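First comes the structure, then the notes that go with it.
The values are calculated or read from the model by the stated rules, or taken from the named source; none is laboratory data. Keep in mind that what you see is a predicted model, and the values were worked out from it rather than measured. Here Cβ is always computed from backbone atoms with ideal geometry, including for glycine, and neighbour counts include all displayed protein chains. What goes into the accessible areas is simple: the full protein's heavy atoms, side chains included, and nothing from ligands, DNA or RNA. Shrake-Rupley method; radii C 1.70, N 1.55, O 1.52, S 1.80 Å.
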Amino acid sequence: LREAIRSERLRPGTRLPSSRTLAVDLGIARNTVADAYGQLVAEGWLASRSGSGTWVAERTTPVQVPATPAGQGVGRFRYDLRPGTPNLAAFPRSAWLTAARRVLSTSSYDVLGYSDPRGLLPLRTALADYLSRARGVAVAPDGIVVCAGFTQGLELLCEVLRGRGAACLAVEAYGQDLSQRIAEAKGLATMTLPVDAGGAAVDQLGDTEAVLLTPAHQFPLGVPLDPLRRRHIVEWASHTGALIVEDDYDGEFRYDRRPVGALQALAPEQVVYAGTASKSLAPGLRLGWLVLPTHLVEEVAAAKARLGRLSSSLDQLVLAELIASGAYDRHVRRSRLTYRWRRDRLTATLRRDVPEVRVTGIDAGLHALVELPDGDSEDDIVARAATHGLALDGLSRYRLGQQPHSPALVLGYATPPDHAYTTALARLAAVLTSQPQASEVERIGPHVGTPSDERVLPW
Ligand SMILES: Cc1ncc(COP(=O)(O)O)c(C=O)c1O
């Protein structure tokens with residue numbers, strides 16, 4: 001805060017969120033916020049009056065701020081509406097702490113030794129129960145390999161596939177470029193499958209040995225895989241012996257209807273189900289899981305051991321406890337409500353303020369596709385947003401093949417903490433409706449913590 005005031009990102013008179021609100025958003029004790037506010041009041045940066053809150057104090061002498069080189073300093077982007085990260089401020093810290101305390105007080109010391117490369121049995125057991133109940137996965141603990149997120153899971157699979165002589169992995173024509181790069185780094189060529197309103201065009205698969213799909217919620221277009229295509233691809237895999245990798249990165253978050261169940265249950269010996277805690281909890285945990293066909297379990301576990309990448313035993317046990325105690329389900333249910341509310345706010349704001357855009361892919365997940373009028377430039381909008389302190393991604397950033405698409409934004413609505421969401425949406429609407437002059441950008445300038453940023457709960 002001191003730095004923000006010194007650099008005049010927070011201007012005199014700006015009201016700060018209440019200590020209670022900021023404490024909830026940052027996941028820290030209210031007293032810590034109150035102490036920091038008190039310290040800054042004592043130093044003269046803030047002013048407060050009982051009953052009137054806290055605000056940035058007026059200054060008599062202007063502050064000389066040394067220039068910060070571009071790209072450095074505190075958060076170039078005040079607001080982040082790119083896809084990929086959940087609301088980290090909502091991480092269930094106290095439930096995690098309770099689970100961690102229980103794990104540490106009940107586990108024997110030998111859990112701290114080198115462990116089974118498949119992952120610890122309590123986590124595989126808890127995951128098997130959760131995945132069959134919540135995602136309809138056909139799974140037993142012995143069929144799971146815990147890994148450092150989906151990313152490591154894919155790396156392990158590509159390593160094993162290449163070792164078995166596979167030459168090619170098909171990927172969706174729109175997706176994460178990291179997946180394509182991982183496959184190629186492991187020596188697999190990639191081919192891209194066109195994607196349309198029914199998901200990946202799986203009838204266009206050639207003689208590739210494996211295919212990576214996001215069937216529940218295509219990333220980034222946001223559509224589920226058409227039921228006929230689900231059946232088709234499973235038949236194709238059974239017929240050819242090929243492997244389907246099902247990336248179920250956000251399957252828990254479906255809002256208006258029941259979640260689309262996992263494809264894996266249709267053909268457990270042809271499909272690898274890949275899940276992750278990166279959306280439901282936090283990507284920094286680096287915890288994910290592969291549910292594997294029987295014939296792959298040992299090889300994948302051996303590849304993991306060979307690469308020396310075991311996952312932290314304590315984190316595995318804490319996640320197991322979180323799931324077994326029901327706290328994980330409660331967190332997912334709470335998050336689903338909040339994200340649904342955010343999605344509704346996004347669609348309502350854009351319908352009202354920017355009716356010329358179309359928002360699609362909104363049934364599930366933590367992102368939507370905002371289709372721009374033909375002729376709009378994704379790059380211009382992304383650059384203009386940056387001058388408002390707002391981070392956006394254009395759809396072309398996710399194009400892996402040649403398939404063209406009209407201009408669109410892939411808009412992640414989960415990342416801003418609650419108190420900043422309303423302002424992030426307002427800035428999005430301003431960016432989409434205007435071409436501001438430089439002076440206007442200066443006036444709007446990045447800021448945090450104004451009263452309009454105050455948290456509004458969805459219920
Ligand atoms: C399509 C897709 N799959 C998987 C993931 C999760 O990757 P990881 O589990 O390695 O964090 C992401 C994260 O953004 C994603 O966008």
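Here are a few things to note about the model shown:
- Look at the range 129-150: where a residue is of a type in the set (Val, Ile, Thr) and a partner is assigned to a strand (DSSP E or B) and crowded, with 24+ Cβ neighbours inside 10 Å, sitting 6+ places away or on another chain with Cβ atoms under 6 Å, you get Val137/Tyr273; Val137/Val291; Val139/Val291; Ile144/Trp289; Ile144/Val291; Val145/Leu290; Val146/Trp289.
- Check on Asp116, among the acidic types (Asp, Glu) and either surrounded by fewer than 18 Cβ atoms within 10 Å (Cβ to Cβ) or modelled with pLDDT under 95 (or both): yes
Okay, residues lined up against (1) in a loop (DSSP other than H, G, I, E, B); (2) among the hydrophobic types (A, V, I, L, M, F, W, C):
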| residue | (1), (2) |
| --- | --- |
| Arg118 | yes, no |
| Arg133 | no, no |
| Leu157 | no, yes |
| Ala170 | no, yes |
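- Annotation for the range 133-156: at least one member residue is open to solvent by 50 Å² or more (accessible area, probe 1.4 Å) and closer than 14 Å to Ile323 by Cα.
- Evaluated against (1) of a type in the set (A, V, I, L, M, F, W, C); (2) open to solvent by 10 Å² or more (accessible area, probe 1.4 Å); (3) touching a Leu at 6+ places or on another chain (Cβ under 7 Å), Ala210 falls short on exactly one condition, (2).
- Per-region count, the range 242-252, residues at pLDDT 95 or above and either out of contact with any Leu (no Cβ under 6 Å at 6 or more places or on another chain) or of a type in the set (Lys, Arg) (or both): 6
- Residue pairs meeting the criteria (Cβ under 9 Å; at least 6 apart or on separate chains; first within 15 Å of Thr208 (Cα to Cα) and without any contact (Cβ under 8 Å) to a residue 40 or more places away in the chain, in the range 151-177; second part of a loop (DSSP other than H, G, I, E, B) and within 16 Å of the ligand (Cβ to nearest atom)): Cys158/Lys186; Arg162/Lys186
- Selection within the range 82-110 - among the basic types (Lys, Arg) and away from the ligand (no atom under 16 Å from the Cβ): Arg93, Arg101, Arg102
- Subset of the range 1-53 [outside any strand (DSSP E or B), among the polar types (S, T, N, Q) and more than 23 Å from Phe77 (Cβ to Cβ)]: Ser18, Ser19, Asn31, Thr32, Gln39, Ser50, Ser52
- Qualifying residues in the range 203-215 (those that are assigned to a loop (DSSP other than H, G, I, E, B) and more than 15 Å from the chain's Cα centre (by Cα)) - the one nearest to Gly288 (Cα to Cα): Pro215
- Verdict on Ala128 being open to solvent by less than 40 Å² (accessible area, probe 1.4 Å) and closer than 30 Å to His419 by Cα: no
- Close pairs from the range 197-222: first under 15 Å from Ala364 (Cβ atoms) and free of Cβ contacts under 8 Å to residues at least 12 places away in the same chain, partner open to solvent by 10 Å² or more (accessible area, probe 1.4 Å) and assigned to a loop (DSSP other than H, G, I, E, B), Cβ under 9 Å, at least 6 apart: none
- Taken together, the residues in the range 157-174 that are open to solvent by 10 Å² or more (accessible area, probe 1.4 Å) and either under 18 Å from Gln403 (Cα atoms) or within 14 Å of the ligand (Cβ to nearest atom) (or both) amount to 1.
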